[in-house]
Structures are given as structure tokens and as C-alpha cells.
Amino acid sequence: MSAVLWNKINYIRRQALFKDRFSWEEGVKELYNEFKQIIGSATAQQIIRKNDFAWKSFFKLKRLQSKNKLSKHIKKVSPPRSLLRNQDFDTNIHIDIMPACCPASWRDKDFSSH
């Protein structure tokens, strides 16, 4: 479900970027309220922060590119991508959450195999 939240935020931001009306806040509050019940408040906040970071990195690279100060090894600057999950491609978002933010039933579980 974390990837679904990432993809929904990313989709809204990509569409806004391509329509020249990018906004950090567009759709974020609604998606947070929708997903906090499913994945928890702390996890939803972290996914949103990770997506913010990815977009801020993209904009920084675009600024460097416009000033011709982009590193030589970077050939193309693209907006953050969607997270896909199928048999050919498996991406996970790694988030560190303080134990106090997790339900007590999760604290002793090993999630490393997921």
C-alpha cells in the first residue's frame, strides 16, 4: 500500500508539472487522510516526505542543468518515477519508523522478508 500512496502523489505532481501548475500541497492532505487508516499515520507521513525529497532533488537537478552545472555522468533529468511491482521489477520504499509509532503487535515481527 505504501507504493500505491507514492504512485498517487507522484501522479498528481507529474500531471501538475506537465500542466505548469505544480503545487506541493495539491492532493496531499486528501491522500494522507485516506492512507493513514490503512498504513498508519507515521508511515503515510514518511512516504509523503520521501516523495517531497525526490521532487526537490528533481527540481535541484533541473536548476543545475539550466545553469550548465550538471555533473557529466548525469545524461537525463526526469521527474521521479512510479513504483512498480511485478515479476520483472520489484521496488520497495525503505522507511525508518520509531518503534513507538508502530502498533505493539508489530514490534517483535521480522519484516525483512517482505
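Each reported figure results from applying straightforward, stated rules to the coordinates on display, with no laboratory input. Source: prediction; values computed, not measured. All Cβ positions, glycine included, derive from the backbone under ideal geometry; neighbour counts span all protein chains shown.
Extension gain, L70 to R21, is 15.1 nm, computed as 0.36 nm per intervening residue step minus the present C-alpha separation. Estimated at 0.36 nm per residue, the fully extended path between K56 and A42 surpasses their Cα-Cα distance by 3.0 nm. Of the GluC sites (Glu not before Pro) found in segment 22-80, the ones in coil according to DSSP and having at most 11 other Cβ atoms within 10 Å of their Cβ are E25. What the Cβ-Cβ distance of V4 and R63 gives, at R0 = 25 Å and to the nearest 0.05, is a FRET efficiency of 0.25.
Evaluating 6.51 cos²θ - 1.76 cosθ + 1.60 at θ = phi - 60° for every residue in segment 76-82, the Karplus couplings come out as 9, 10, 10, x, x, 8, 6 Hz, glycine and proline recorded as x.
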